[in-house]
Amino acid sequence: MLYACLTVPALALEQRLAEQPALRSRAVALADDSGLRVAEVTAEAALRGVRRGITLREAVAFCPRLAVLEPRPASTRWAAGQLVEAAASVSPLIEEAEPGTVFADLRGLEGLYPQPGQLQAALLAAAPRELPVRLGVAGQRFTALVAAKTAAPQSATWVLEGESAAFLAGQAVEWLPLDADHLERLRLFGITSLGEFAALPMQAAQAQFGAQGRRAWLAARGEDPERLHPRRVTLDSVHERVRPEAPLISREAILQGARQLLRHALRQPRAAGRFVRQIRLRAISEDEQLWERTQPLREPTNDRTRLWTVVRTQFEYAELPGPIAELDIELGGLTTETGRQPGLFVDHLRRREQLDEMVRHLRMRFGHSPVAQVVEVEPWSRLPERRYALMDYDP
Amino acid sequence: MEPSSGAPLRTHGLRPLNLPRPVEVDLDRQGLPERVLSGPPGTLRVFAVERVQEVWRVAEAWWRLTPVRRTYYHIVVDGGRTLILFHDDEEHPAGGWYEQRY
């Protein structure tokens with residue numbers, strides 16, 4: 001077996017820092033969903049005593065110049081999706097263990113990537129560049145995870161077969177797949193490295209921590225029995241996102257931005273020759289408010305004009321939360337369908353129903369039907385004005 | 001007898017298409033169109049008739065009180081454009097000229 005693990009530790013915070021790179025060198029904390037406690041911290045903030053779980057009030061007391069960011073779940077979800085797509089572009093067997101950590105089964109890829117380093121390079125190249133992605137490759141799942149967590153950003157650690165136990169021996173026990181109170185107990189026992197934990201008899205680990213303890217003990221010895229639980233990943237959507245330098249205020253500017261995004265999305269190789277089933281639009285305002293709309297299409301299409309009509313209508317009638325700092329478009333449900341079999345009469349009937357509905361709507365609005373139809377009166381007449389007439393169309 | 005429903009009678013707004021448009025026509029000595037003043041309101045133009053291609057008569061509903069008698073002229077005007085005019089023979093010979101697609 002050969003596993004790869006792509007991970008971005010503290011993905012939610014890293015995604016926010018990727019959006020505001022100027023903050024990267026500062027002491028920054030990401031608030032949790034409640035907005036009361038610290039969820040993630042940068043190394044600079046950790047140096048000043050800011051830790052995960054403390055209240056924001058305590059954090060500011062530790063570090064008065066601390067920058068506190070609010071979480072943006074939609075943005076984090078998007079970044080996690082990018083990571084999944086990166087792994088899926090290399091291997092068909094992948095598992096997202098949590099947002100920001102993806103495992104890939106690398107069996108059988110030697111033919112595609114015969115040279116040493118090609119596989120790692122392909123995985124890292126596919127990953128989003130603005131995030132500090134780390135890659136670990138090993139024969140066991142847990143070893144691959146630890147290798148990734150300990151790798152430098154944008155680089156890989158490959159643990160060769162037979163060297164897993166030696167590699168893990170010096171690593172911290174915090175990586176073990178154990179509950180937080182079990183890890184705390186290990187700390188109280190004075191066990192700080194995986195090597196020390198692996199040196200315990202298996203029965204001791206099992207007696208202390210049950211089934212979890214057995215798996216953790218095997219993992220620490222480089223014998224992790226846990227396999228991948230791959231899910232089917234269908235690369236059936238394309239994303240495009242833009243963060244304009246200045247927030248978009250006028251609706252015309254927003255429409256222009258959306259139009260450009262749609263054009264770029266349709267140009268992506270994955271969208272070439274495929275039909276779109278659903279459009280998802282997101283706009284994030286300057287003050288972090290999210291506006292999101294999902295519009296399934298009545299039938300798949302790759303006609304840019306029709307897609308633009310849908311996008312434009314959504315934005316024209318949108319009540320946006322303020323000046324827009326970020327626009328995101330996702331064309332989903334991409335299908336290879338390129339033709340359809342309409343019924344001989346169904347299409348005609350449907351058009352007639354649509355027309356009738358539209359005329360009823362106009363009659364309701366204007367008080368009369370502004371639509372007329374041409375009817376034959378005396379088509380055989382020698383007097384031209386008697387042949388055809390206009391009649392009010394009244395469905 | 002069925003009582004009246006009181007509903008107003010409706011003709012469903014039947015509006016004839018291709019109604020004749022009045023035009024002014026100058027005749028030559030033979031009584032054929034020589035010049036035509038035609039065009040949409042506000043952009044009237046005088047067309048000189050180059051030749052008359054075809055003439056035909058239409059007589060309809062002669063058995064009714066308002067019979068229809070017309071003489072149609074298929075003419076070519078300057079610039080090569082073709083027009084179809086008719087004279088309403090029930091009207092005064094000097095007036096009663098119309099343009100109509102046939």
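FYI, it's all coordinate maths here, none of it is from the lab. Small disclaimer: the values here were computed from a predicted structure and weren't measured. Note that we place each Cβ from the backbone using ideal geometry, even for glycine, and neighbour counts take in every protein chain shown.
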- Interatomic Cα distance distribution for segment A:52-203, bins of 5 angstrom, percent: 2, 8, 14, 17, 15, 16, 13, 9, 5, 2, 0, 0
- Difference of contour (0.36 nm per residue) and Cα-Cα distance, A:GLU357 to A:GLU58: 101.4 nm
- Going by how many other beta carbons lie within 10 Å of each one, how would you line up A:SER193, A:SER250, fewest first? A:SER250, A:SER193
- GNM of chain A, Cα pairs under 10 angstrom: of A:LEU248, A:LEU176, A:LEU36, the biggest fluctuation goes to A:LEU36
- Task: Using only the Cα atoms of segment A:268-389, build the gyration tensor, take square roots of its eigenvalues as a ≥ b ≥ c, and label the shape rounded, prolate or oblate: rounded if a/c is under 1.5, else prolate if a/b is larger than b/c, else oblate.
- Result: oblate
- Compute the distance in nm between two label points, each set 7 Å from the Cα along the Cα-to-Cβ direction, one at B:ARG35 and one at A:GLN260. 6.1 nm
- Given Cα pairs under 8 Å that are at least 6 residues apart, what percent is the relative contact order of segment A:43-102? 23 percent
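Taking other Cβ within 10 Å of each residue's Cβ, how do A:ASP303, A:ASP356, A:ASP105 sort, fewest first? Please list the in-between numbers first.
Values: A:ASP303 11, A:ASP356 14, A:ASP105 20.
Listed from fewest to most nearby Cβ atoms, that is A:ASP303, A:ASP356, A:ASP105.
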- Theoretical FRET efficiency, 1/(1+(r/R0)^6), r = Cβ-Cβ of A:ASP303 and A:ALA121, R0 35 Å, to 0.05: 0.40
- Report the calculated FRET efficiency for A:ASP179 and A:VAL68 (r = Cβ-Cβ distance, R0 = 25 Å), to the nearest 0.05. 0.30
- Message: Given the C-alpha atoms of the protein assembly as shown, compute the convex hull and give its volume per residue in Å³.
- Response: 319 Å³
- Task: Along Cα→Cβ, 7 Å out, is where each label goes; now give me the distance between the ones at A:ALA97 and A:GLN295 in nm to one decimal.
- Result: 4.1 nm
- Connecting every pair of Cα atoms under 10 Å apart in chain A and solving the GNM, the largest mean-square fluctuation among A:GLN354, A:GLN140, A:GLN260 falls on A:GLN354
- Would you compute, from DSSP H runs of 4+ residues alone, the mean residue ellipticity of chain A at 222 nm, taking -39500 (n - 2.57) per run and dividing by the full residue count, rounded to the nearest 500? -11500 deg cm²/dmol
- Principal axis lengths of segment A:127-197 from Cα atoms, whole Å, largest first? 40, 30, 16
